[in-house]
Structures are given as structure tokens and as C-alpha cells.
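Report on the following structure.
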Amino acid sequence: SQTIHQWPATLVQPVGSPLSLECTVEGTSNPNLYWYRQAAGRGLQLLFYSVGIGQISSEVPQNLSASRPQDRQFILSSKKLLLSDSGFYLCAWSAGALGQYFGPGTRLTVT
Amino acid sequence: AQSVAQPEDQVNVAEGNPLTVKCTYSVSGNPYLFWYVQYPNRGLQFLLKYITGDNLVKGSYGFEAEFNKSQTSFHLKKPSALVSDSALYFCAVRDLTGGGNKLTFGTGTQLKVEL
């Protein structure tokens, strides 16, 4: 069966510091991968998605970037964090049109 | 553009009573519709999907959803609510713009089941 991992689970970082969040998927090949942010409240905002290695689509201009160095690895990065980058970051995968499956999330607090 | 609307921010129901969480959609073409549940500080869990076929879709944890094309609705239902069903529920629709099998999510409905 397929599983998706995210780490770290929680992170507290000062403003201006770099960021790297990692997501890996097991048990499937060539998945579509997604990064979402869920700000305080509830709304889900799609940040990036990838349909293959090295292929990244950005949905919203921002202070973040994404990379996909391997088939089942998706990384979210920032060179300098802003206070507004705080939130709950979710990675998800899909293998077609039958829905997305989410990781456990990373709670990021920028201080 | 594809969109879904969840008109209720919160739904309160007594344990043992039936529950309904509402969702309406707007799509061009045939809709692919989904329901997810989120517990505090957790990722979203897939509950069920409608792609084609029977209008009543059965999913995880006793939930079901009814697809109604004439009313463009996809309401989530459960015959008898449990306190443990208290969570945040999201409706979503497949977004065909730009490829990538993206989903467009509703704003979420907080379900509170009380004793």
C-alpha cells in the first residue's frame, strides 16, 4: 500500500532563516505531488504541484519554491522566511483523477 | 472554472441523529467530486468520491454522499452521528485547468457532534 511521509512534524524558525520541508511517497511510481498551505482557520491553498521529476508548477507567487529531485520526493524551500509563511503545510500525492492522498502535515511557526 | 461551495461554517448535531454536511458545485463538463475529513493538527483523510455511476456513494466510517445533478449538489450524510465524527470536512472538485489532476477545495465545514 501507499504511504506518504512529511518531516519535520513541527518547526519554529526565526524570520529571515531558510526553510526546507520534505515529503516522500512510498508504494507508487510517478505520482503527481502537491504542496498546500493551510493558514489559521481552515482554507487550503495549493502552492505547487509536480507531474514528474524536475517539473514544478507554481500556483501562487510567493516567498517559497519547490523541487522534485527524485520521483517520490518533493521539497518545499525558502531562502528567507517571512512571518506570513507561518501555517500548516500539507503534501499530497495522486495517481490519476481518483483523488489525492495527504501526508500528516508540518506545523511551521515563524517568529 | 471549477468550484465548490460549503454554505455552512459549522454544523451541530446530537449523537445518534443523522447528519448532513452540504456542498454545491460548479463545473464545466462531468464533475469528479470528493469529500475529505481533517482532525486537529492532522492531514486530510479521504472519505469518498463520485466519478460516475450510482448517485449514492458509500465511503469510509459509515459516511455516504448523494450526487444530485439537477441541484448541482454533493451532500455528505451519515445516518447516526458519533462524537468521534467531530472534525473539519472538506468538499473538493477536480480542477482541469493546467493539468496535474488538481483539486479545488471548499472552505470547510466544522462538524460538532454533542452528547
Problem - Cα extents of chain B along the three principal axes, largest first (Å) - result: 45, 31, 23
Fill in the blank from the handout: Along segment A:51-63, Karplus-curve 3J(HN,Hα) (6.51, -1.76, 1.60; θ = phi - 60°) to the nearest Hz, with x for Gly and Pro, reads 9, x, 4, x, 9, 10, 10, 9, 8, 9, x, 6, 8
Practice task
Find the accessible area per residue for chain A; the probe is 1.4 Å, ligands and nucleic acids are left out, and the unit is Å².
Solution key: 45 Å²
Practice task
Take B:Tyr39, project a point 7 Å from its Cα along the Cβ direction, then tell me which residues of segment B:77-92 have their backbone nitrogen under 13 Å from it.
Solution key: B:83-88
Exercise for the section: With only Lys, Arg, Asp and Glu charged, each at its Cβ (+1 for the first two, -1 for the last two), find how big the charge dipole of the protein assembly as shown is about the Cα centre; round to the nearest 20 debye. Expected result: 280 debye
Exercise for the section: Take every residue in peptide B:93-101, count the Cβ atoms of other chains within 10 Å of its Cβ, and give the average of those counts. Expected result: 4
Handout entry: FRET E, pair A:Thr28, A:Glu59, Förster distance 22 Å, beta-carbon r, rounded to 0.05
Key = 0.45
Problem - In order through segment A:100-110: 3J(HN,Hα) via Karplus (6.51 cos²θ - 1.76 cosθ + 1.60), integer Hz, x for Gly, Pro - result: 10, 10, 9, x, x, x, 10, 8, 10, 10, 9
Exercise for the section: Quick one: pull the percent of accessible area on the protein assembly as shown belonging to carbon and sulfur, 1.4 Å probe, ligands and nucleic acids left out. Expected result: 51 percent
Practice task
Enter the buried accessible area of the B/A pair, total of both sides, probe 1.4 Å, in Å² rounded to the nearest 100.
Solution key: 1800 Å²
Problem - Unsatisfied cross-links (Cα-Cα over 28 Å) in the set A:Lys80/B:Lys49; A:Lys80/B:Lys112; B:Lys58/B:Lys102 - result: A:Lys80/B:Lys49; A:Lys80/B:Lys112
Completion exercise
The alpha-carbon center of segment B:62-113 and that of segment A:23-86 are separated, in whole Å, by 23 Å
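The values are calculated or read from the model by the stated rules, or taken from the named source; none is laboratory data. Quantities reported herein were computed from a predicted structural model and do not represent experimental measurements. Positions of Cβ are generated from backbone atoms using ideal geometry, with glycine treated the same way; all protein chains shown enter the neighbour counts. Please note that ligands, DNA and RNA were not included when accessible areas were found on the heavy atoms of the full protein model with its side chains. Shrake-Rupley method; radii C 1.70, N 1.55, O 1.52, S 1.80 Å.
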